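Each remark here refers to the structure printed beneath this line.
Read-outs throughout are calculated quantities, based only on the coordinates presented, and are distinct from any laboratory measurement. Not measured: the values here are computed from a predicted model. In this analysis, Cβ positions are derived from the backbone assuming ideal geometry, glycine residues included, and neighbour counts consider all displayed protein chains.
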Amino acid sequence: MGIRFNLLRRAGSFPRFFDIIEKIGYNILKVNYMNQNNAPIIEGILKYILEDFKSFHVPGHQGGKEVDGLLKLLLKQPLKADLTEIHGLDNLHAPRGMIREAQEIAAEAFGAAETFFLVNGSTAGLMAMINAVCRPGEKIILPRSAHQGAFGAIITSGAVPVYIPEGFSGSRWEYTNMTVGQIEQALEENPEARAVLVNNPTYFGVCSDLNEIRRITTERGVLLLVDEAHGGHLSFHHGLPAGAAEAGADMWVQSTHKTLGSLTQSAMLHLGGEKVDRQRLKHMLSVFQSTSPSYLLLASLDAARRQMAQKGKELLGNILLLAEEARSRLEQLGFGLIPPKQGEFKLDITKLAFFTDRFRESGEEAAFILRRSGKVEPEMYGKDYILVLLTLGHNEEDLAALINAARSLREWLTLKTFKKKEPEDVSYLHPVSPQLLTPREAVNLPTEIISLDRAAGRISSQMVNIYPPGIPLLVPGEIITSEIIEYILREKNVHPGIESGMEGLNKIIVVK
Ligand SMILES: Cc1ncc(COP(=O)(O)O)c(C=O)c1O
């Protein structure tokens, strides 16, 4: 546009006139241009830092309050340390030097036969782990409440999921995990299954009896895989429930960044023994991981391991004391808590879900107050709960801030005067739709995009997720029922993290 005006101007006709037209044209067009001086992400992060919230969420180092000394040193020059695979710095996909050594030391510290560093989170670990063991048509037993990364792996591998309806049969799915009996029954009905995937601990800290699950999977010659994204700390303190290493799992993934002191997105995949084909696993790792791994992330994994090996037990001992104290204070204030032990489940008490169901206000409203007036940023909240995490970076001062905020919150909440009716509990359940096709079939058949409110009876070809916790509301291959549509539309109004990629959830991809 500018060039054309310039040509006309140079031609000498009505120069002032064209100047004016150009200016108007530019001003009209300008509204369609983005402002290239803006940097929305940087500005957003800086603004958030200025708000100075007390963090009770991931990552575990809590703004750098508890990180290994060497990592602190390295992060004094973060841009110089932002390196990748160049001469002398080894190669994540074929480690022979420093990465290999760091992984070997980590394997010993985490009780594994071999450890692989991950730069794409546990999500990449789940992809590699499941694709390494399941070929198209092979069955994997897993909870329907597994993380979306596990479903991504099921789509890519072509595995056939056998769901354990864990969590969807009780009154609150948050309280439960898979029982040994459920797995035994699934193995009885699917003796040809290749693997069992346990999600341990759940986001809420509920741990299954992994030792017993290991016993029955070994008896039947089935691989035991564990999504230990939230449990990187478990094997470092005897006061915590048994983790995958202790139970002798075949493979497990840990989001080191969630509970330990590494940088966001850094994670580990551990191999427990000889039953998994290592070459295939390594191949899958190179399929699902970046060829330009960030050395800051790799260094932070090295640091998190060093920190845990040197003083993990002491740090976790302190956190467990803080968690006990927090539990008793929250209980005194009238909030419900998940019991430390229920039947065969044990609780990782560093995950602190407190329930607001005795009050008139919802968990979402309570979280709003906690953030607004208490300046406390929780990990997650839902209809009737707030979840805060206590990690290595927390201290007594943080505990005092949390309890003060909870006390103010309690003053604001109003006790219900009537007893809650049973049917209300049912609405906590995310209604699980019947599975008609495998996820891979549903993704690969011809599809069309239709309005969500007219999708009842159709088969979904996409996942609809809420993050956190990242449990899909719909998995490809499931029938879209009117209940799940209603649920999605309701959640859409209260949950900021609902994801589907489809025009604000008004549309959905379905099998034609
Ligand atoms: C149970 C579970 N597994 C896996 C993941 C993925 O972990 P990452 O964010 O490290 O990719 C998450 C993340 O929240 C999770 O909750």
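Pairwise alpha-carbon distances in region 91-309 exceed 26 Å for 29% of all pairs.
Projected label points at Lys80 and Asn395, each 7 Å from Cα along the beta carbon direction, are separated by 2.8 nanometres.
The overall shape of region 312-422 is oblate: from the C-alpha gyration tensor, with semi-axes ordered a ≥ b ≥ c, the ratio a/c is 1.5 or greater and a/b is no larger than b/c.
Summarising the amide proton neighbourhood of Leu473: residues at separation of 5 or more, or on other chains, whose placed amide H is nearer than 5 Å comprise Val464, Asn465, Ile466. With helices as the sole contributors, the chain gives -12500 deg cm²/dmol at 222 nm; each DSSP H run of n ≥ 4 counts as -39500 (n - 2.57), and the sum is divided by every residue. Derived scalar couplings between HN and Hα for region 229-246 equal 3, 9, x, x, 8, 3, 7, 9, 8, 5, x, 9, x, 4, x, 5, 5, 5 Hz in order, rounded to whole Hz, by the Karplus curve 6.51 cos²θ - 1.76 cosθ + 1.60 (θ = phi - 60°), x for Gly and Pro.
Taking amide H positions as modeled 1.01 Å from N, with prolines and chain starts lacking one, the residues under 5 Å from Phe359 and 5 or more places away or on another chain are Lys416.
The label point for Gln332 and the one for Asn444, both projected 7 Å from the Cα toward the Cβ, are 6.0 nm apart.
Stokes-Einstein diffusion of the chain at 25 °C, 0.890 mPa s viscosity, Kirkwood radius from Cα pairs, rounded to a whole number: 99 µm²/s. Which pairs, out of Lys76/Lys313; Lys72/Lys313; Lys351/Lys507; Lys65/Lys375, put more than 25 Å between their alpha-carbon atoms? As for pairs spanning more than 25 Å Cα to Cα, those are Lys76/Lys313; Lys351/Lys507. For a modelled paramagnetic label at Glu361, 7 Å from Cα along Cα-to-Cβ, the residues of region 397-416 in reach, with backbone nitrogen under 20 Å, are 400-416.
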